[in-house]
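Take a look at the structure below.
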Amino acid sequence: VQLQASGGGLVQAGGSLSLSCAASGRTFSSYTVGWFRQAPGKEREFVASVVRDGGVTYYSDSVRGRFTISRDNAKNTVYLQMNSLKPEDTAVYYCVANSGFVYSTQARHFGSWGQGTQVTVSS
């Protein structure tokens with residue numbers, strides 16, 4: 001599956017942004033999809049994921065309660081609604097996917113990666 005992320009930008013602390021990721025292919029509903037991020041000088045970090053039918057979601061501790069991941073299988077799209085943004089949320093956000101049920105937050109378990117979209121939160 002090929003992934004195309006969009007929606008990044010510049011926002012003030014406390015604001016909101018919504019990211020979208022459009023996937024190609026006819027088997028999107030069979031994929032677990034999610035988001036990772038990487039800030040300058042830091043390691044890649046798991047953000048959130050949603051399993052196939054959307055019934056199971058995972059969040060990192062740093063975003064739980066502020067970010068919401070969702071998917072629309074009819075549109076082959078996964079979303080990340082980010083609220084109460086903080087400067088430490090500044091990073092390049094990558095959309096990821098892997099077929100089947102992925103109950104993992106490790107990057108090596110996601111075989112498909114999008115090109116990334118920049119999110120910058122000013123203080």
- Only residues that are under 14 Å from the mean Cα position of the chain (by Cα) and surrounded by fewer than 17 Cβ atoms within 10 Å (Cβ to Cβ): list them for segment 73-103, please. Gln81, Asn83
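Would you confirm whether any residue within segment 60-71 is over 17 Å from Gln4 (Cα atoms), of a type in the set (Lys, Arg), modelled with pLDDT under 95 and open to solvent by 70 Å² or more (accessible area, probe 1.4 Å)? Walk me through it before giving the result.
Our first condition is that a residue be over 17 Å from Gln4 (Cα atoms); within segment 60-71, this holds for 60-68.
Within this subset, residues satisfying the condition of being of a type in the set (Lys, Arg) are 64, 66.
Of the ones still in play, those that are also modelled with pLDDT under 95 are none.
Checked against the condition, which is being over 17 Å from Gln4 (Cα atoms), of a type in the set (Lys, Arg), modelled with pLDDT under 95 and open to solvent by 70 Å² or more (accessible area, probe 1.4 Å), segment 60-71 yields no hits at all.
Kindly indicate which of Ala39, Ala91 is in contact with a Ser or Thr (Cβ under 7 Å, 6 or more places away or on another chain) and modelled with pLDDT of 95 or more.
Values: Ala91 fails: in contact with a Ser or Thr (Cβ under 7 Å, 6 or more places away or on another chain).
Result: Ala39 is the single residue among Ala39, Ala91 that is in contact with a Ser or Thr (Cβ under 7 Å, 6 or more places away or on another chain) and modelled with pLDDT of 95 or more.
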- Query: Which pairs do you get when a residue that is more than 15 Å from Phe28 (Cβ to Cβ), found in segment 98-117, comes within reach of a residue that is small (Gly, Ala, Ser) and part of a loop (DSSP other than H, G, I, E, B), reach meaning Cβ atoms under 6 angstrom, with the pair 6+ apart or on two chains?
  - Reply: Thr117/Gly8
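Do we have Val51 as surrounded by 17 or more Cβ atoms within 10 Å (Cβ to Cβ) and at pLDDT 95 or above here? Give the derivation first.
Values: surrounded by 17 or more Cβ atoms within 10 Å (Cβ to Cβ): yes; at pLDDT 95 or above: no.
So Val51 does not fit the description; no.
Does Gly9 satisfy the criteria of being open to solvent by 20 Å² or more (accessible area, probe 1.4 Å) and either of a type in the set (Lys, Arg) or within 19 Å of Gly116 (Cβ to Cβ) (or both)?
On the way: open to solvent by 20 Å² or more (accessible area, probe 1.4 Å): yes; either of a type in the set (Lys, Arg) or within 19 Å of Gly116 (Cβ to Cβ) (or both): yes.
Criteria met by Gly9.
The values are calculated or read from the model by the stated rules, or taken from the named source; none is laboratory data. None of the values given here were measured: they were computed from a predicted structure. As a convention, Cβ positions derive from the backbone with ideal geometry for all residues, glycine included, and neighbour counts pool all protein chains shown. The area values use the complete protein model at the heavy-atom level, side chains included, leaving out ligands, DNA and RNA. Shrake-Rupley method; radii C 1.70, N 1.55, O 1.52, S 1.80 Å.
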